[in-house]
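See below for the structure under consideration.
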Amino acid sequence: MMRSQINLLFIIILTFLLAACDKPAATPSMVLEGKTMGTVWRVSLAGVDSARHAELQQRIQQQLDADDAELSTWKPTSVLSRFNQSRDLTPQPVSENMADIVTTALRIGKKTGGAMDITVGPLVNIWGFGPVKQPDHMPDAAQIAAARAQTGLQHLRVVQGAEGQWLQKDLPDLYVDLSTMGEGFATDHLARLMEQLGINNYLVSVGGAVLSRGLNAQQQPWRVAIQKPTDRENAVQARVSLQGHGISTSGSYRNYYELDGRRISHVIDPATGRPIEHKLVSATVIATTALEADGWDTGLMVLGTEKAKALALEQHLAVYLISKQGDKFVSWMSPQFAAFLIPAESPGGP
């Protein structure tokens with residue numbers, strides 16, 4: 001997964017903005033935390049015996065380590081890295097989990113007109129947001145064109161068969177980067193683990209992707225908050241009640257660097273091969289799974305405010321957008337998102 005600068009972004013979102021409500025517990029509560037995929041994970045539980053703390057910590061970390069060993073582009077021995085390193089154009093066997101992630105990514109990628117593109121890795125790398133170090137100078141037009149020639153969702157497909165599933169590319173140098181979906185998948189995977197362990201009241205998160213089920217320790221639905229889009233403060237923009245759904249936010253306001261006098265965002269537009277420069281600074285999506293939310297938020301961020309609004313309405317998505325207009329931030333939400341919103345005057349917020 002993506003590391004270094006993105007790490008700070010996810011830690012801040014997780015610690016201050018997507019945490020469970022902290023009230024005196026009406027039932028036993030437990031919080032477990034750790035590191036994975038270059039970011040942090042957090043699991044908040046209600047009604048679980050404290051004697052299970054060590055067991056749960058170990059089971060969670062083991063599962064996340066296994067996910068990272070499969071999906072990481074930073075580990076040269078991961079399943080995904082081996083696929084990227086191979087120039088073989090024949091189908092390569094992959095797990096059902098990876099096939100599901102790629103299938104979801106291809107579907108969302110098509111609906112966003114290619115704005116959400118998991119083959120954009122070569123562009124991510126030349127701009128310094130992947131395993132390759134930051135460039136000393138802006139990539140020139142030739143470098144960008146060469147990287148774009150190695151991308152495209154049409155060059156990747158999932159092959160399903162009675163004996164398993166395979167991933168196939170028709171470009172030898174195609175490079176798949178699942179960083180835009182990995183945290184969402186890992187969050188959903190943690191939720192499945194909780195269910196397998198007989199735990200029904202939880203809020204789980206990896207990086208900026210969150211999913212909840214059941215009730216918190218106060219016997220209330222789990223609530224999370226969306227940050228105001230600035231790197232100078234950690235203030236709440238809006239609060240939502242997840243109601244058993246997943247949520248993910250993509251933003252351009254924390255993960256960036258300065259190069260040649262310009263601010264370089266980590267959000268890359270596959271159509272131009274360059275970091276986005278429009279006024280949309282944050283896109284939050286609520287969906288039935290964290291994976292779904294994690295895919296859509298990236299695509300909407302790439303599209304920009306007006307196109308993102310139109311697509312959210314067309315696809316009936318629960319979306320909250322924040323755009324910068326002059327010195328102010330302006331928010332917009334779809335009708336579906338409004339159903340999750342907690343009014344500002346609501347008593348007993350997080």
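Read-outs throughout are calculated quantities, based only on the coordinates presented, and are distinct from any laboratory measurement. What you see is a predicted model; the values in this text were computed from it and never measured. As a convention, Cβ positions derive from the backbone with ideal geometry for all residues, glycine included, and neighbour counts pool all protein chains shown.
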7 Å from Cα along Cα→Cβ at both residue 90 and residue 339: what's the point-to-point distance in nm? 4.8 nm
Theoretical FRET efficiency, 1/(1+(r/R0)^6), r = Cβ-Cβ of residue 55 and residue 142, R0 51 Å, to 0.05: 0.40
Distant-in-sequence amide H partners of residue 227 (H built 1.01 Å from N, under 5 Å): 237
Can you list the HN-Hα couplings for region 98-106, worked out from phi with the Karplus curve (6.51, -1.76, 1.60; θ = phi - 60°), rounded to whole Hz and with x for Gly and Pro? 5, 4, 5, 4, 5, 4, 5, 5, 5
For a quick check of your reading of the filter: which trypsin sites (Lys or Arg not before Pro) in region 24-87 sit in a DSSP loop and have no more than 10 other Cβ atoms within 10 Å? 87
Could you please report the charge total around residue 82, scoring K, R as +1 and D, E as -1 over all other residues with beta-carbon less than 11 angstrom from its beta-carbon? -1
Apply the Karplus parameterisation 6.51 cos²θ - 1.76 cosθ + 1.60, with θ equal to phi minus 60°, to every residue of region 35-47 and state each ³J(HN,Hα) to the nearest whole Hz, in sequence, with x for glycine and proline. 10, 6, 6, x, 9, 10, 10, 8, 10, 10, 10, 10, x
Förster radius 35 Å - calculated FRET efficiency between residue 314 and residue 171, Cβ distance, rounded to 0.05: 0.70
Anisotropy class of region 79-179 from Cα gyration tensor, a/c 1.5 cut: prolate
Sort 334-340, 187-193 by packing, meaning the average of other beta carbons within 10 Å per residue, with the highest value first. 187-193, 334-340
Figure the gain on full extension for residue 195 and residue 31 (residue separation times 0.36 nm, minus the Cα-Cα span) and round it to one decimal in nm. 57.4 nm
The rounded separation in angstrom of the Cα centers of region 267-337 and region 33-66 is 30 Å
